[in-house]
Amino acid sequence: MTVLETKGISKAFGSKDILKDISFRVEQGDKIGIVGPNGAGKTTLMKIITGIEHADAGEIYMPGQCSIGYLSQDAGLDVKNTVWDEMLSAFNEVIAIETRMHELERLMADGQTDKGTMSEYSRLSDQFTHLDGYSYESYTRGVLIGLGFSPNEFEQAVTTLSGGQKTRVALGKLLLQKPQLLLLDEPTNHLDIEATQWLESFLQNYAGAVMVISHDRYFMDAVCNKIFDIENTMTTVYDGNYSRYAALKRESIVQRAKDYDLQQKEIRRQQDIIDRFRSYNREKSIRAAESRQKALDRMERIDKPAEQQSISFAFKARQRGANDALKVESLSKSFENKCVLNDVTFELKRGQRAAVIGSNGIGKSTLLKIIADQLEPSSGRIRIGQNTFLGYYDQEHAGLNPDKTVLEELWDAYPLLSQTDVRKILAVFLFKDDDVFKRINDLSGGERARLALAKLMPAGYNMLLLDEPTNHLDISAREALEDALKDYDGTLLAVSHDRYFINKIADIILELTPDGITAYEGNYDDYWQQKHLQDESQIPVTSAKRRAKPKAENTSQATASQDIESEIVTIEDRIAELEAAMCDPDVYTDGQKMRQLTDEHAKLKTELEELYEKWA
């Protein structure tokens with residue numbers, strides 16, 4: 001079933017075209033990733049679909065009953081609510097029905113009933129069951145936990161949340177509403193890897209259609225079955241996930257260039273023949289020239305492939321450091337009696353490339369700040385190898401002066417370079433012409449990220465500490481960074497939740513937990529496989545704390561899950577029997593019997609909710 005169709009959508013801001021003649025169709029169950037460089041119009045397209053912005057031309061068709069849910073990058077919430085209350089506002093209709101049912105149950109228990117009351121109760125009971133009313137609270141708990149909220153945060157006021165936490169609440173609320181068309185703008189930006197994996201699983205099983213703007217390639221590989229590529233105001237549709245799209249697009253770019261070159265050669269050949277015929281200056285040759293000219297004029301011309309702005313740079317270590325590049329010994333850090341890092345021990349040899357992963361708030365950025373000498377540890381020590389020089393990339397870009405221009409920021413860092421050399425470096429990172437005179441305070445997140453990387457490049461550091469370096473970068477910039485780091489001849493320690501990036505650059509994974517840190521050989525996919533091995537003897541372990549044995553699939557756990565499901569079915573059947581009995585005139589006119597039934601009904605609903613929570 002088609003849930004959305006667009007025809008000829010166009011949009012311009014001033015004299016600049018953003019979208020031109022965009023046409024596509026979305027079917028129920030489609031999971032569509034929207035990709036393109038920053039500023040290509042991805043968010044604008046979503047806002048046009050939702051009606052937040054209006055297209056200059058074109059039409060949008062949707063079935064009358066199609067519901068749309070939209071998660072923007074600045075989703076608004078009711079700050080007067082707690083996290084729990086804000087999430088439950090997705091179920092206002094269900095809660096209203098439940099409240100009215102309780103009122104009717106009290107009336108029936110007191111014998112104050114008639115046929116109208118029972119008819120209303122029967123209708124509401126059916127509606128409540130259809131809307132999954134018995135499980136909405138346990139379902140809400142499951143979504144909150146899946147998105148990384150602990151139960152003690154449920155009653156936290158929305159107004160006290162960080163920006164990332166608010167985005168997660170808005171996302172969770174939207175998922176609970178289950179719209180037929182779900183529009184998500186960078187939903188993984190504030191999620192750690194565990195929460196992102198939960199969201200992937202949720203969307204894979206989502207019955208409706210999903211359109212998602214994302215720079216998370218691993219996420220799009222897991223979720224998407226189509227990719228919409230927005231580039232140069234146009235949209236091209238590719239079947240398959242992100243990796244298939246990337247391969248097809250590379251082939252398409254090569255083929256378009258070949259087709260253009262071949263056509264240009266044919267045009268020149270035909271023009272030479274026309275010119276030669278005309279030079280003969282005979283009636284027959286002139287007619288032949290005119291005939292060929294008409295054919296040439298009718299030829300459908302292939303547009304010259306647009307030249308893509310791309311970044312291509314390199315990090316080069318100017319000096320060879322010691323073999324023992326870094327040793328972290330029994331490191332701990334607390335803030336106001338709250339322990340953030342606990343007994344962290346690991347080491348890196350020269351040339352190793354390590355990625356630090358772990359849940360949000362576990363202390364990954366704090367670890368890098370301590371190693372970079374930006375913070376003092378509470379205990380433990382850091383040993384940097386001889387002749388090892390650290391370059392540190394801060395995800396907050398705190399090292400950039402907001403009052404300086406782009407040119408001043410880089411030139412002040414490297415005053416011995418000429419202005420020409422500084423501008424050449426900036427040009428590599430797409431700061432060209434008047435862009436170099438922009439104030440840093442006016443830059444976008446992506447521009448700040450590129451400038452921070454530009455500041456690292458000329459120094460020749462032989463060890464790089466990178467804290468979420470792919471944040472704010474579009475896909476082409478991420479690929480350029482990956483290429484640069486793959487060729488880097490120094491030691492690398494990167495904090496990242498970008499699994500695609502980790503797969504490309506890491507040869508060791510350091511998993512940070514409340515109890516310390518555990519090392520796994522290989523990239524992210526290798527780590528994931530090792531985490532799920534049942535036989536510990538197959539798992540290589542490095543000099544970091546010995547890896548705990550992974551939990552094997554437990555037969556008793558599976559049996560327990562089946563037992564819970566069986567109990568749920570039994571209780572749901574009994575609740576249905578009670579509701580049918582409560583609608584029986586012989587019962588609802590008997591006050592004592594009615595009270596017994598309503599008491600049992602309330603008790604079973606509580607038990608059912610607890611079972612749903614255990615099962616989830």
Quiz item: Given [x] 50, 37, 25; [y] 63, 29, 25; [z] 52, 40, 22 as candidate values of semi-axes √(5λ) of the Cα gyration tensor in Å, which corresponds to the one derived from the coordinates?
Solution: [z]
Self-check item: Relative contact order [Cα under 8 Å, 6+ residues apart], the range 387-546, whole percent
Solution: 21
Self-check item: Highest to lowest packing among 428-436, 170-178, scored as the average C-beta count within 10 Å
Solution: 170-178, 428-436
Practice problem: Using the Cα centre as the reference, give the magnitude of the dipole from point charges on the C-beta atoms of the range 60-127 (Lys, Arg: +1; Asp, Glu: -1; all else neutral), rounded to the nearest 20 debye. | Solution: 160
Quiz item: If you take the charge dipole of the chain about its Cα centre, with +1 on Lys and Arg Cβ and -1 on Asp and Glu Cβ, which of Leu611, Gly363, Tyr414 is farthest toward its positive end?
Solution: Tyr414
Quiz item: From the phi of every residue in the range 76-89, what ³J(HN,Hα) in whole Hz does the Karplus formula 6.51 cos²θ - 1.76 cosθ + 1.60 yield, where θ is phi - 60° and glycine or proline is x?
Solution: x, 9, 7, 5, 7, 7, 7, 4, 4, 5, 5, 5, 5, 5
Quiz item: When the accessible area of the chain is computed with all protein chains present and a 1.4 Å probe, what percentage of it is carbon and sulfur?
Solution: 46
Practice problem: Excluding Gly399 itself, calculate the net charge of residues whose Cβ lies under 10 Å from the Cβ of Gly399, where each Lys or Arg counts +1 and each Asp or Glu counts -1. | Solution: -2
Quiz item: Quick one: net charge of Gly36's neighbours, Cβ under 9 Å, K/R +1, D/E -1?
Solution: -2
Self-check item: Given charges at Cβ of Lys, Arg, Asp, Glu: the chain dipole, positive-most of Tyr520, Ile274, Met108
Solution: Ile274
Quiz item: In Å, the Kirkwood hydrodynamic radius of the range 425-525 over pairs of distinct alpha carbons?
Solution: 15.0
Quiz item: Per residue, how much accessible area does the chain have with a 1.4 Å probe, in Å²?
Solution: 50
Practice problem: Evaluate E = 1/(1 + (r/R0)^6) for Trp528 and Ile273, where r is the Cβ-Cβ distance and R0 equals 60 Å; express this FRET efficiency to the nearest 0.05. | Solution: 0.45
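The values are calculated or read from the model by the stated rules, or taken from the named source; none is laboratory data. If you're wondering where the values come from, they're calculated on a predicted model, not measured in any experiment. Heads up, the Cβs are rebuilt from the backbone with ideal geometry, glycines too, and the neighbour counts pull from every protein chain shown. Accessible surface areas use protein heavy atoms only, side chains included; no ligands, DNA or RNA. Shrake-Rupley method; radii C 1.70, N 1.55, O 1.52, S 1.80 Å.
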